[in-house]
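Input: a single structure, listed below in structure tokens.
The values are calculated or read from the model by the stated rules, or taken from the named source; none is laboratory data. A quick note: this is a predicted structure, and the numbers were derived from the prediction, not measured. As a convention, Cβ positions derive from the backbone with ideal geometry for all residues, glycine included, and neighbour counts pool all protein chains shown.
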Amino acid sequence: MKSIVSIGVVLLVVILLFGIGGCSYNKMVQKQEAVSSAWSQVENVYQRRADLIPNLVNTVKGAANFEKGTLEAVMQARASATSVKIDASKLDAASFQKFEQAQQGVTSSLARLLVSVEAYPELKANQNFRDLQTQLEGTENRISVERKNFNEVVKDYNSHIRSFPNNLFAGMFGFTTKAYFQAAEGSDKTPEVKF
């Protein structure tokens with residue numbers, strides 16, 4: 001009789017562990033898919049920015065005596081940024097740093113381009129240029145929104161796989177934490193304005 005009860009208890013524990021593990025695994029898969037989906041959206045808005053750059057450069061190219069080096073820097077930064085691809089299943093800190101560095105190169109070169117435009121009143125008056133500038137500003141806002149959304153989804157995923165008892169199953173099934181978008185280095189300092 002004791003052996004039947006012991007077998008029954010062991011069988012019950014195995015069934016409970018299997019049930020909890022299965023539910024936990026399924027939830028982790030759902031949250032991992034949400035991270036992949038949010039990452040795809042981030043890539044979409046960065047791609048939108050990359051697609052706008054050639055039109056912007058061609059519009060600016062038409063301005064007399066515009067700095068050729070500035071345009072080349074923008075196109076080079078775009079080429080670098082679009083060559084960096086991250087697999088959504090491997091969103092680790094090193095991959096993220098490489099991706100963010102490439103995107104920061106685009107942001108910096110675009111900022112230099114837009115500052116250079118100030119010296120060209122005929123370009124600032126060009127409707128195509130103004131439209132592209134507005135689209136770029138909107139895209140930068142979208143990038144910010146999607147990065148924030150991505151960080152929220154990653155927080156949900158990371159906290160889920162790190163909490164008990166999910167952490168036991170996460171390690172067993174190979175679920176690892178994902179990296180977050182971070183503020184650019186030095187963005188915590190107030191810029192100095194000189195007149």
So which residues in the range 98-124 are closer than 22 Å to Ile143 by Cβ and of a type in the set (D, E, K, R)? Lys98, Glu100, Arg112
What single numbered condition from (1) in contact (Cβ under 8 Å) with a residue 40 or more places away in the chain; (2) surrounded by 13 or more Cβ atoms within 10 Å (Cβ to Cβ); (3) among the small types (Gly, Ala, Ser) fails to hold for Ala93? (2)
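Among the candidates Ala111, Ala94, Ala88, single out the residue that is touching a helix residue (DSSP H, G or I) at 6+ places or on another chain (Cβ under 8 Å) and of a type in the set (A, V, I, L, M).
Going through Ala111, Ala94, Ala88 in turn, the sole match is Ala88.
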Go through the range 74-97 and count every residue that is touching a Leu at 6+ places or on another chain (Cβ under 8 Å) and either more than 20 Å from Thr139 (Cα to Cα) or basic (Lys, Arg) (or both). 0
Among Asn149, Asn167, the single one that is without any contact (Cβ under 8 Å) to a residue 60 or more places away in the chain and more than 22 Å from Glu72 (Cα to Cα) is Asn167
Can you tell me which residue among Ser83, Ser95 is among the hydroxyl-bearing types (Ser, Thr, Tyr) and either more than 23 Å from the chain's Cα centre (by Cα) or closer than 22 Å to Phe173 by Cβ (or both)? Ser95
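Quick check on this structure: which one of Gln41, Gln76, Gln47 is out of contact with any helix residue (DSSP H, G or I) (no Cβ under 7 Å at 6 or more places or on another chain) and within 28 Å of Lys155 (Cβ to Cβ)?
Gln47
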Step by step: first the residues of the range 37-49, then only those that are of a type in the set (Gly, Ala, Ser) and within 15 Å of Phe99 (Cβ to Cβ), then the one that is surrounded by the most Cβ atoms within 10 Å (Cβ to Cβ). Which residue is that? Ala38
Can you give me the ranges of the helices (runs of 4 or more DSSP H) entirely in the range 56-167 with at least 2 residues that are within 30 Å of Gln30 (Cβ to Cβ) and at pLDDT below 90? 93-117
